[in-house]
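The block underneath contains the structure these notes are about, expressed in structure tokens.
The values are calculated or read from the model by the stated rules, or taken from the named source; none is laboratory data. Small disclaimer: the values here were computed from a predicted structure and weren't measured. All Cβ positions, even for glycine, are placed from backbone atoms using ideal geometry, and neighbour counts span all protein chains on display. For accessibility, only protein heavy atoms count, side chains too; no ligands or nucleic acids. Shrake-Rupley method; radii C 1.70, N 1.55, O 1.52, S 1.80 Å.
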Amino acid sequence: MLQSVLISKHIYGEAVAFLRESVRVDYHDSDEGLPARDLRQRLSGKAGLVCQLTDRVDAPLMDAAPGVKVISNVAVGFDNIDIPAATERGIMCTNTPGVLTNTTADLAFTLILAAGRRLGEAERYLRAGRYKQWRVDLLTGWDIWGATLGVFGMGRIGQAVARRASGFNMRVLYYDPFRQSERVERELGVEYVPKDELLVQSDFVTLHCALTPETRHLISTGELQLMKPTAVLVNSSRGPVVDEAALADALATGTIAAAGLDVYENEPHVHPQLLELENVVIVPHIASASIRTRTRMCMLAAENMLAGLAGRRPPNILNPEVLE
């Protein structure tokens, strides 16, 4: 008898068809997530769940569906899943790293450029009919070429951003709890520094760390006050890594110059003050949003699912201890 899998939200059709070749699929083909009660009901009797970062997969949900063997997240981040609870119950959890590295790095660097050169503000200025003549100081921003870039988190995405920075002749500083080898630092042309030193020296600061209890509000009032008044902060990791109220205040008071944000502390809600500020570029969590990358993420989630259900080690398992 075929095992059954629930897909909690709309994903690319190639992945749905791939799953249907091997398992029975209960597909909630909607951009709207299932309410918690409906998710529990639909997951009952299933062997697997293909979920997304908007789905809260906690211990009560797992207990309501004791037959679940695999939880496959269509994302690289997995703070929406209670991994310890899943491990305790012997449930394999997987994510989709690697395939979105360069697409996400592209967006992070786009935000560096857009916020540094005030592109959002400039477009709004033009569309509002305010552009009457060229002026020597019209919407002047901050050079990216030759500036100092500070990278929090030198994993796959952080490294990809550092490579892009080399094309702009940037000095790249980084901080990470796990320092890279001298060989990697040399190849990337990056310099390891303590957190506070990175904040003090950098013209641009970009965040590429997972959301953990240690990184929640990694950037708050104290950190923002260490930054240059001409500095730009970019976040394309997870929203709660930044204290959004503190950032809004720093932007409004000139503590820092600008910000570029792809993620928010209480998505899809954005701090209302940020929406009113001209010196912040805001986009709706689109760092990995290319057709090729999002399709590959869905396919990788499906591959992880089928491997786990077949008793094999999934390519991207988050809790390998359940296999021991």
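Take the residues of region 43-60 that are touching a helix residue (DSSP H, G or I) at 6+ places or on another chain (Cβ under 8 Å) and assigned to a strand (DSSP E or B): which is nearest to Gly13 (Cα to Cα)?
Val50
Which residue out of Asp106, Asp79, Asp63 is outside any loop (DSSP other than H, G, I, E, B), within 25 Å of Gly239 (Cα to Cα) and open to solvent by 50 Å² or more (accessible area, probe 1.4 Å)?
On the way: Asp79 fails: outside any loop (DSSP other than H, G, I, E, B); Asp63 fails: within 25 Å of Gly239 (Cα to Cα).
Matching residue, one of Asp106, Asp79, Asp63: Asp106.
If you check Gln133, Gln159, which single one turns out to be free of Cβ contacts under 8 Å to residues at least 24 places away in the same chain, among the polar types (S, T, N, Q) and either surrounded by fewer than 19 Cβ atoms within 10 Å (Cβ to Cβ) or in a helix (DSSP H, G or I) (or both)? Walk me through it before giving the result.
Numbers: Gln159 fails: free of Cβ contacts under 8 Å to residues at least 24 places away in the same chain.
Selected residue: Gln133, the only one of Gln133, Gln159 that is free of Cβ contacts under 8 Å to residues at least 24 places away in the same chain, among the polar types (S, T, N, Q) and either surrounded by fewer than 19 Cβ atoms within 10 Å (Cβ to Cβ) or in a helix (DSSP H, G or I) (or both).
What residue, of Leu43, Leu2, Leu19, Leu6, is surrounded by fewer than 16 Cβ atoms within 10 Å (Cβ to Cβ) and touching a strand residue (DSSP E or B) at 6+ places or on another chain (Cβ under 7 Å)? Give the derivation first.
Numbers: Leu43 fails: surrounded by fewer than 16 Cβ atoms within 10 Å (Cβ to Cβ); Leu19 fails: surrounded by fewer than 16 Cβ atoms within 10 Å (Cβ to Cβ); Leu6 fails: surrounded by fewer than 16 Cβ atoms within 10 Å (Cβ to Cβ).
Answer to the selection: Leu2.
Cβ-Cβ under 9 Å, sequence separation 6+ or interchain: first residue in region 265-282 and open to solvent by 90 Å² or more (accessible area, probe 1.4 Å), partner part of a helix (DSSP H, G or I). Which pairs?
Close Cβ pairs (under 9 Å, with a partner that is part of a helix (DSSP H, G or I)) amount to Asn266/Gly239; Asn266/Pro240; Asn266/Glu244; Glu276/Ala248; Glu276/Ala252.
Go through region 286-309 residue by residue and tally those that are in a loop (DSSP other than H, G, I, E, B), crowded, with 18+ Cβ neighbours inside 10 Å and not hydrophobic (A, V, I, L, M, F, W, C). Lay out the reasoning, then the answer.
Here is the first cut: in region 286-309, the ones in a loop (DSSP other than H, G, I, E, B) are 286-290.
Right, trim to crowded, with 18+ Cβ neighbours inside 10 Å and you get 287-288.
Narrowing further to those that are not hydrophobic (A, V, I, L, M, F, W, C): 288.
Adding up the residues that qualify gives 1.
Quick check on my filter: what residues within region 201-219 are out of contact with any strand residue (DSSP E or B) (no Cβ under 8 Å at 6 or more places or on another chain) and either hydroxyl-bearing (Ser, Thr, Tyr) or loosely packed, with under 15 Cβ neighbours inside 10 Å (or both)?
Of the residues in region 201-219, the ones out of contact with any strand residue (DSSP E or B) (no Cβ under 8 Å at 6 or more places or on another chain) are 210-216.
Scanning region 201-219 gives Thr212, Pro213, Glu214, Thr215.
Pick from region 240-262 the residues that are under 12 Å from the mean Cα position of the chain (by Cα) and crowded, with 21+ Cβ neighbours inside 10 Å: which of them is farthest from Phe78 (Cα to Cα)?
Filtering region 240-262 down to residues under 12 Å from the mean Cα position of the chain (by Cα) leaves 240-241, 261-262.
Within this subset, residues satisfying the condition of being crowded, with 21+ Cβ neighbours inside 10 Å are 241, 261-262.
Numbers: Val241: 14, Leu261: 20, Asp262: 17 Å.
By that ranking, first place goes to Leu261.
Within region 186-199, identify whether any single residue is among the acidic types (Asp, Glu), assigned to a strand (DSSP E or B), more than 18 Å from the chain's Cα centre (by Cα) and at pLDDT 95 or above, and answer yes or no. If you could, list the steps in order and put the result at the bottom.
Here is the first cut: in region 186-199, the ones among the acidic types (Asp, Glu) are 187, 191, 196-197.
Those still in the list that are assigned to a strand (DSSP E or B) too: 191.
If we keep only those that are more than 18 Å from the chain's Cα centre (by Cα) too, we end up with 191.
Going one step further and asking which of them are at pLDDT 95 or above, we end up with 191.
Among the residues of region 186-199, at least one is among the acidic types (Asp, Glu), assigned to a strand (DSSP E or B), more than 18 Å from the chain's Cα centre (by Cα) and at pLDDT 95 or above, which makes the answer yes.
Filter region 3-42 down to residues that are without any contact (Cβ under 8 Å) to a residue 40 or more places away in the chain and assigned to a strand (DSSP E or B) and give me whichever is farthest from Pro268 (Cα to Cα).
Arg24
Can you pull out the residues in region 275-291 that are over 18 Å from Asn102 (Cβ atoms) and among the β-branched types (Val, Ile, Thr)? Write out each step before concluding.
Step one: of region 275-291, the residues over 18 Å from Asn102 (Cβ atoms) are 275-282, 284.
Within region 275-291, Val280, Val281, Ile282 qualify.
For region 310-324, enumerate the residues that are of a type in the set (D, E, K, R) and part of a helix (DSSP H, G or I).
Taking region 310-324 and keeping what is of a type in the set (D, E, K, R), we get 312-313, 321, 324.
Within region 310-324, Glu321 is the sole residue that qualifies.
Test Thr212 against the stated conditions and say whether it is modelled with pLDDT under 95, of a type in the set (S, T, N, Q), under 22 Å from the mean Cα position of the chain (by Cα) and closer than 21 Å to Ile157 by Cβ.
Numbers: modelled with pLDDT under 95: yes; of a type in the set (S, T, N, Q): yes; under 22 Å from the mean Cα position of the chain (by Cα): yes; closer than 21 Å to Ile157 by Cβ: yes.
It is true that Thr212 is modelled with pLDDT under 95, of a type in the set (S, T, N, Q), under 22 Å from the mean Cα position of the chain (by Cα) and closer than 21 Å to Ile157 by Cβ.
Enumerate the pairs (first residue in region 162-181 and over 15 Å from Ala108 (Cβ atoms) and assigned to a loop (DSSP other than H, G, I, E, B); second residue anywhere and modelled with pLDDT of 95 or more and open to solvent by less than 60 Å² (accessible area, probe 1.4 Å)) with beta-carbon separation below 7 Å, excluding pairs fewer than 6 apart on the same chain, so at least 6 apart or on different chains.
If the second residue must be modelled with pLDDT of 95 or more and open to solvent by less than 60 Å² (accessible area, probe 1.4 Å), the pairs left are Asn169/Gly146; Asp176/Gly153; Asp176/Met154; Gln180/Met154.
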